[in-house]
Amino acid sequence: MPREDLVQLCQDLLAPAGALRVRRMFGGHGFYVDELFVAILASGQLYLKTDETTRSHFADAGCMPFAYSAKGRSVSLNYWTVPAEAMESPALMQPWLRLALQAALSARSQIVKVPPAARRRTGTSSKR
């Protein structure tokens, strides 16, 4: 499937969950639902965000983690493929996307915000 068609398919599958934004990144695409980063499209594969709570659902379904090679070693991120049937319709994608949204909300709540005045004193940033 041509890349543009795959991007459109992913948009169609994810859009029912909320306001969808797609951004080109790292040779692929990143997908945001309601400004939460929930998915990566890379090498023709859709990966959804996971965390310690949701990862087992993906593993139990036979999904695979997003991994790449950097400086001679394999790096794995908290994004996993979805079951093949989830790519067939928005309704079949929704349970998996809900897990990704849950992981993204959890990750966002764990980000420590440093007040601007404290950043100026310490030279730190609130971004991780």
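Brief remarks on what is shown
- FRET efficiency, 1/(1 + (r/R0)^6) with R0 35 Å, evaluated for E4 and D51 via beta carbons: 0.70
- Only protein heavy atoms count here; on that basis, with a 1.4 Å probe, S69 has an accessible area of about 100 Å².
- 25 Å tail of the calculated P(r), the chain, as % of Cα pairs: 29
- Subtracting the Cα-Cα distance of A42 and L105 from 0.36 nm times their residue separation leaves 20.4 nm of extension gain.
- Principal-axis tilt of helix 3-14 within the chain, Cα atoms, nearest 10 degrees: 80
- Here the accessible area of the chain is 53 percent carbon and sulfur, with a 1.4 angstrom probe and all protein chains present.
- Extended-chain gain in nm, criterion 0.36 nm per residue less alpha-carbon gap, A84 and A15: 23.0 nm
- Against the chain, whose longest principal axis is taken from its Cα atoms, helix 90-109 shows a tilt of about 10°.
- Accessible surface ranking for D51, D5, 1.4 angstrom probe, highest first: D5, D51.
- Per residue, the Cα convex hull of segment 66-115 amounts to 107 Å³.
- When the surface is traced with a 1.4 Å probe over the full set of protein chains, E35 keeps roughly 110 Å² accessible.
The values are calculated or read from the model by the stated rules, or taken from the named source; none is laboratory data. Given the structure is predicted, the values throughout are model-derived calculations rather than measurements. Every residue, glycine as well, gets a Cβ built from its backbone with ideal geometry; the counts of neighbours run over all protein chains shown. Please note that ligands, DNA and RNA were not included when accessible areas were found on the heavy atoms of the full protein model with its side chains. Shrake-Rupley method; radii C 1.70, N 1.55, O 1.52, S 1.80 Å.
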